[in-house]
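Asker: Quick one: structure below, then a few questions.
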Amino acid sequence: MENLKKGKRRSRVIAMILSATAAAAVILLSVLEMGSGLDEHQNKGSPYAFTRLQDIPGITKADIAAVEAIRGQFDTLIFANMEGTELFVNKNGQPDGFIALFSEWLADVFKIPFKPVAYDWDDVLKGLKDGSIHFAGELTPNEER
């Protein structure tokens, strides 16, 4: 009887080990598969999905020509945002946060420098109207715009 109990315990332990190993294998394969999901449009050596304008799905020759025309008109494009968690000045005096990273990516893709700058709300609206600001991170559409 005691040998039967030991045999059942051993079987349960082996089953638990096999189950845990199978679960670990499934998780490992899932994680590895996530990293290999990049398609031919994506640069596998970059943390960004698209690193060239031409790689963006649906981009047309007209779109590319428009970007090239903008390159000829501007040395730098201003990306305005109110100061906060999305855009702030770090301890080295440099713009930081999501808007700074997004501006860096835009500059890489469009081959035009994007400068993230913190502005007050009224100044963002004025800058967009007079053309001194080219992009704004916090603007939502309404009847006026």
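Asker: At residue 70 and residue 101, where each label point lies 7 Å from the Cα along Cα→Cβ, what is the point-to-point distance in nanometres?
Answerer: 2.2 nm
Asker: Express the accessible area of segment 68-110 per residue in Å², computed with a 1.4 Å probe while the remaining protein chains stay in the model.
Answerer: 62 Å²
Asker: Amide H neighbours of residue 78 under 5 Å, counting only residues 5+ apart in sequence or on other chains, H built in-plane at 1.01 Å?
Answerer: Those qualifying (amide H under 5 Å, at least 5 residues apart or on another chain) are 115, 134, 135.
Asker: While we're looking at this one, here's another question. Protein chains only, probe 1.4 Å: how do 60, 140, 51 rank by accessible area, largest first?
Answerer: The ordering from most to least exposed comes out as 140, 60, 51.
Asker: While we're here: Report the calculated FRET efficiency for residue 138 and residue 54 (r = Cβ-Cβ distance, R0 = 25 Å), to the nearest 0.05.
Answerer: 0.25
The values are calculated or read from the model by the stated rules, or taken from the named source; none is laboratory data. Computed from a predicted structure; not experimentally measured. Every residue, glycine as well, gets a Cβ built from its backbone with ideal geometry; the counts of neighbours run over all protein chains shown. Heads up: the accessible areas ignore ligands, DNA and RNA and are worked out on the full protein's heavy atoms, side chains in. Shrake-Rupley method; radii C 1.70, N 1.55, O 1.52, S 1.80 Å.
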